[in-house]
Amino acid sequence: MAGYRKPLTDTVHADTPTGAPEQLLALLDRLGFDRNTVQPAGPSGPAYLWHEAPAHLGEDEKKQLASRAVPTLLMAGYVVHIPDYLFDEAAYRSAAAQIRAQRAAPTTPAPSAGASSRARSARRAG
């Protein structure tokens, strides 16, 4: 995945290779990028597909969106290229810390229905 700003605009693109797997495209969707598709004019040929930061975001917000996406994409095993002019170190560090916190959080399994009925039975019996 390569990020860049479209020349002479503030549009931030997140480009993927032709034929990118749907799981990468869906991940970019979940990360907040808008998916765009242009179908070929003729009867055949591949569609051109790309993601970009939503147009309503300001320039700093677009940089933050791109930078916050990097740790998630790297953790998913993708190679990411982002130019210095789009990189917001604070946003990157915040996203990376959030991922670390989620991975370190203990998961408490919810009690199963059987365990709940056994606990009720034990309370009644005692």
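Since every read-out is calculated from the coordinates, none of them should be taken as a lab result. Just so it is clear, the model here is predicted, and its values are computed rather than measured. Heads up, the Cβs are rebuilt from the backbone with ideal geometry, glycines too, and the neighbour counts pull from every protein chain shown.
Fully extending the segment from residue 20 to residue 103, taken as 0.36 nm per residue of separation minus the present Cα-Cα distance, adds 27.2 nm. Between residue 34 and residue 57, the contour length at 0.36 nm per residue exceeds the alpha carbon distance by 7.1 nm.
Ranked by the mean number of other Cβ atoms within 10 Å of their residues, highest first, the peptides 32-39, 60-67 fall in the order 60-67, 32-39. Packing, as the average of other Cβ atoms within 10 Å across residues, places the peptides 73-82, 49-58 in the order 49-58, 73-82, highest first. Placing a label point 7 Å from the Cα of residue 93 along the Cα-to-Cβ line, the residues of segment 56-71 whose backbone N sits under 16 Å from it are 64, 67-68, 71.
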